[in-house]
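Participant: Let me give you the structure first, and then I'll get to my questions.
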Amino acid sequence: TNKHTKPHSLPKTESCSAIMFESESESESQLYAPLTVAEDVEGEEPDDFLHQDFNGIIDQRRNERLTCYRPIYRYLIVGAIACVFLLLGVLAIVELHLKANARERPEFMPDTAANEKLLLTLAKDNDIDAYMRMLTSHPHPSDSPGGAFTLSYITDKFREFGLHTTHHSYQVLISRPVSQELLVVDSQGDVTYQAELLEPPIPGDGSVDCDSCSPPFFAYSPSGECNAPIVYAHYGRAEDYELLESAGISVEGRAVLVRLGKIFRGVKVSEAQRRNALAVLMFSDPADGGSAQGEVYPQGVFRPDEAVARGNVRFGSVFSGDSSTPGWASVEGTYHLDEESVREHYLPRIPVLPVSATVAVRLMQEICATSSDNEASHNSPKQVTDPSWIGGLNTPAYCFGPSENQIRLRIESSTSLGNITNVIGHIDGADVDRLVVLGNHYDAWVRGAGDPSSGTAVFLETARQLAHMFLNEHWQPERTIMLCCWDAEEYGSIGSTEWVEEFEHLLSQNAVVYINTDSGAIGKYLEVAGSPALSEVVRNAAAMIPAPEKSGADTLLDLWPVNSRGLQTASPLGMGSDYVAFTHHLGVSSLHLNMRGGARANQMRHTSYDTYEYARSLYSPDEEAWSYHRVLSQLLALLTFRCSTMHVLPFDFTEYASEMDHYCDQLLQDFPMLAESPFFDRLREAISLFRSAASALDEESELNSDGSQQSHIRLRRLNDRIMSLERGLLLPDGLASRPWYRHAIYAPALSGGYPAQTFPSIREALLADEADLQQPEVIIQLVQVAQLIRGVASYILNRW
């Protein structure tokens, strides 16, 4: 203070000792040495601040500072010690975990071969017969009382088997018929013919005559009327219309009569609608599994002329699932497009009707009929001479048309939101978040003995076998098994697609494989479609299963016909069942397995005549009933067992590379000008690199197949690489004209639907640009697909 300011009040002591630490240096000791302050003289003020007790101030400040920092030092020291102990504990736990998992796991693995043999003894024909009787006891389309009964039956069976069971429900667009009428009218407007649109009962099969059977119809046909001449357009393919146009025949402003088969129904409608046709009528030609092939049911197994096949006519090659929620799940409370928006992009805008071969005979007669005044006119009907256009209708000739008389078609339908439900059974694996998914749908247009009840019975028997192994034989799979019964497949694989879209993120990370069956055993030969990487595991499994006694084969493998190259390999997947969302949208390696073909194959698909009695009649008297159902169930069970149990996933990507080479050969054959493109050469080079990488991966898989040399964590990493490879072949933005489909190697043919189209983005770019190799889009697609394949190869080799 200055001399006019009273100094701070300090204690009157001669000295104040500073607090010292042993660690302080000598200079520090001198700095804080005691200072002597003179006693105050009574009556006198100190004249400067040096007379204060400065040592006291220093001591007070140092004490405050040391008191403040002392707890922090303690906390830091204690925290550091705790972190050290925590780190040591974590390391010890990890070490113990690695040691524990270095052994073969799970403990049942040494008995895998014995477990497989036991599994193959569990399938029972009597169980399959019981399922078939119950599933076909009533019509069970989606969102109907019969559908609810079937859902309850399957749920009860799952719980009886001991499976943890869940339901997943969605609100989706469902179509139903209200009324339908088809007439032929002459030039005066008089009705000359009224078509019978219902299927009559069959003597000896009471299942056909039922009040709850819906009339034949095509789901998603709009309400509407058509008064127009009619033209015959063969199967309704693009090339069929091109032939008509070359003959000077247009379908604009006319109705079109086409045969069912070859391509998807919705594509037939799309082609006709694109050419401004006013309506489409479809029939099953007797030459395609009907009366022209042999004796009809009930005396034989072929389709009667009165049979009418139902189905949906949505544009399924553009997307899959609910039409009102394209690309997102139709869960409760979600947004739905209105019907006008849906019909603009995904559903027909012209009326569509199925008719019997009997009705088709009369329509063909109308097409061929001419008056003497019209014979020389430009619009006179022309008789078909191409043998491939001529089927088995009981009529003197097939004609192009147009007809002189007109048809008068009237359709009233109801399209609104309905409720569907999937039922899923679970068998938890050691790795609970890795999923092996097995699926089949349970909805049918009528009773559906062949489609899908044959497959549903096989599926239920497979579920029973796997549940028995889990509950009674002390077996736990390495990976979780999900047994999924889908609803609304007949409306366009809706139940499975909505489930995939709801859980898309989880499934894209965790789904290992998807195995599908649909119509099940409606024939005598094994049909395999799917990822080429899975062909080998199917061959190995089928070779272990004895063929039905009267089949003339030793094993089920012998009933798998070779393809045109003499190989037993899975054909690429197009569309038509519940594998669509898994394969084409998620990139999950998938299989589709059925028994089809042969002299006694099911020809009643989607008709009222597809009954239990008919399905039973497909077996000759000396055959064991349901034997083909049994062997298919054994195959599904064994494949599920191996994919869920083997230490290393049984995928073979070397075969995948071979098939991609074959797809390249097909591409070059269809577009020879690609031989001149350096970018096509790069595609070949990428496949060659993929082959080398796949060979290295297969060797690594073989070395680790017994699991004894690797920890569980390292095996999981290897399996994650394997299961993610096909995901790497997804186009980031999907196909240009239909982005919901994303697989770069195969997709449903845009102009066919059912058949697969390999390298779809490249093909569609070439077709859009008239095979001009200089067009940017063609080059971009060649480069992009090559980069995807090269990227997957680099990922396999850890060079990314």
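The values are calculated or read from the model by the stated rules, or taken from the named source; none is laboratory data. For clarity, every value in this text was computed on a predicted model and none was experimentally measured. Note that each Cβ is placed from the backbone with ideal geometry, even for glycine, and that neighbours are counted across all protein chains shown. Please note that ligands, DNA and RNA were not included when accessible areas were found on the heavy atoms of the full protein model with its side chains. Shrake-Rupley method; radii C 1.70, N 1.55, O 1.52, S 1.80 Å.
Participant: Using the beta-carbon distance between Glu339 and Arg714 and R0 = 51 Å, what value does 1/(1 + (r/R0)^6) give for FRET efficiency, to the nearest 0.05?
Facilitator: 0.40
Participant: Per residue, how many Å² of accessible area does the chain show with a 1.4 Å probe?
Facilitator: Value for the chain: 43 Å² per residue.
Participant: Tabulate in residue order the Karplus-calculated ³J(HN,Hα) for the stretch 604-610, using 6.51 cos²θ - 1.76 cosθ + 1.60 with θ = phi - 60°, rounded to whole Hz; enter x for Gly and Pro.
Facilitator: For the stretch 604-610, the Karplus curve yields 9, 3, 6, 10, 5, 8, 7 Hz.
Participant: Now for a different question. Please arrange Glu702, Glu676 by accessible surface area, largest first, computed with a 1.4 Å probe and ligands excluded. Walk me through the numbers before you get to the answer.
Facilitator: Details: Glu702 130, Glu676 150 Å².
Correct descending sequence by accessible area is Glu676, Glu702.
Participant: Mind jotting down the distance between the C-alpha centroids of the stretch 147-172 and the stretch 551-618, whole Å?
Facilitator: So the separation of the two Cα centres works out to 25 Å.
Participant: What nm value, rounded to one decimal, do you get for the distance between Asn126 and Asn394 when each label is placed 7 Å out toward the C-beta?
Facilitator: With each label placed 7 Å out from Cα toward Cβ, I get 4.5 nm.
Participant: With each label point set 7 Å from Cα along the Cα-Cβ vector, what nm distance links Leu703 and Thr192?
Facilitator: 8.0 nm
Participant: What does the accessible area of Trp740 come to, in Å² to the nearest 10, when a probe of 1.4 Å is used?
Facilitator: Using a 1.4 Å probe on the heavy atoms, I get roughly 20 Å².
Participant: Is the C-alpha gyration tensor of the stretch 128-179 telling us rounded, prolate or oblate? Criteria: a/c under 1.5 is rounded; beyond that, a/b larger than b/c is prolate, otherwise oblate.
Facilitator: Note, shape of the stretch 128-179 comes out oblate.
Participant: If DNA, RNA and ligands are ignored and the probe is 1.4 Å, what is the ranking of Tyr398, Tyr795, Tyr335 by accessible area, most exposed first? Numbers along the way, then the final one.
Facilitator: Details: Tyr398 5, Tyr795 60, Tyr335 145 Å².
Of Tyr398, Tyr795, Tyr335, the descending order of accessible area is Tyr335, Tyr795, Tyr398.
Participant: Next question. Mark the label point 7 Å from the Cα of Arg274 along Cα→Cβ and return the residues of the stretch 296-325 whose backbone N is within less than 16 Å of it.
Facilitator: From the stretch 296-325, the list is 314-319.
Participant: Run the accessible area of the stretch 302-437 with a 1.4 Å probe and give the carbon-and-sulfur part as a rounded percent.
Facilitator: Taking all protein chains in place, the stretch 302-437 shows 45 percent carbon and sulfur surface.
Participant: Then there is this: Could you order Tyr346, Tyr241 by accessible surface area, starting with the largest, using a probe radius of 1.4 Å?
Facilitator: The residues order as Tyr346, Tyr241, largest area first.
Participant: What fraction of the DSSP beta bridges in the chain is antiparallel, stated in percent and rounded to the nearest 5? Intermediate values should be presented prior to the final figure.
Facilitator: Values: 49 of 83 bridges.
The antiparallel proportion sits near 60 percent.
Participant: Let me ask something else. With charges only on Cβ, +1 for K and R and -1 for D and E, what is the dipole size of the chain about its Cα centre, in debye, rounded to 20?
Facilitator: Working: 61 positive and 107 negative charges, 227 e Å.
Roughly 1080 debye for the chain.
Participant: For the residue pair Thr112 and Asp772, what label-to-label distance in nm results when each label sits 7 Å from Cα along the Cα-to-beta-carbon direction?
Facilitator: Between Thr112 and Asp772, the simple spin-label model gives 5.5 nm.
Participant: Related question: On the full set of protein chains, 1.4 Å probe, figure out the accessible area of Ile780 and give it in Å² to the nearest 10.
Facilitator: 90 Å²
Participant: If you don't mind, there's one more thing I want to ask. Could you state how much accessible area Val588 has, in square angstrom rounded to the nearest 10, with a 1.4 Å probe and all protein chains kept in place?
Facilitator: That residue has around 0 Å² of solvent-accessible surface.
Participant: Out of the total accessible area of the stretch 509-666 (probe 1.4 Å, heavy atoms of protein only), what percent is carbon and sulfur?
Facilitator: Details: 1990 of 4170 Å².
Ligands and nucleic acids excluded, carbon and sulfur reach 48 percent.
Participant: Add -39500 (n - 2.57) for each DSSP H run of 4 or more in the chain, then divide by its residues: what number comes out at 222 nm, to the nearest 500 deg cm²/dmol?
Facilitator: The per-residue figure over the chain is -11500 deg cm²/dmol.
Participant: Something else now. For a test of the definition: using alpha carbon positions, the gyration tensor, and the 1.5 limit on a/c, classify the stretch 238-384 as rounded, prolate or oblate.
Facilitator: Oblate shape, in that a/c is at least 1.5 and b/c is the bigger or equal ratio.
Participant: In addition: Mind checking the full-extension length gain between Asn472 and Gln509? Use 0.36 nm per residue of separation minus the Cα-Cα distance, one decimal, nm.
Facilitator: 10.2 nm
Participant: Quick query: amide H of Val512 versus all other amide H atoms, modeled in the peptide plane; which residues come in under 5 Å with a sequence gap of 5 or more or a different chain?
Facilitator: So Val512 has HN proximity to Leu435, Val436, Val437.
Participant: Pairs of lysines 8 or more apart, or on different chains, with alpha carbons under 23 Å: count those in the chain, would you?
Facilitator: 8
Participant: Compute the FRET efficiency between Met544 and Ala247 as 1/(1 + (r/R0)^6), taking r as their Cβ-Cβ distance and R0 = 45 Å, and round to the nearest 0.05. Can you show the working numbers first?
Facilitator: On the way: r = 55 Å, r/R0 = 1.23.
Calculated value: 0.25.
Participant: Which whole-number percent gives the relative contact order of the stretch 145-210, counting Cα pairs below 8 Å spaced six or more residues apart?
Facilitator: Relative contact order of the stretch 145-210: 15 percent.
Participant: Based on the Cβ-Cβ distance of Ser137 and Ala599, what FRET efficiency does E = 1/(1 + (r/R0)^6) give at R0 = 25 Å, to the nearest 0.05? Let's see the in-between values first.
Facilitator: On the way: r = 28 Å, r/R0 = 1.13.
That gives a FRET efficiency of 0.30.
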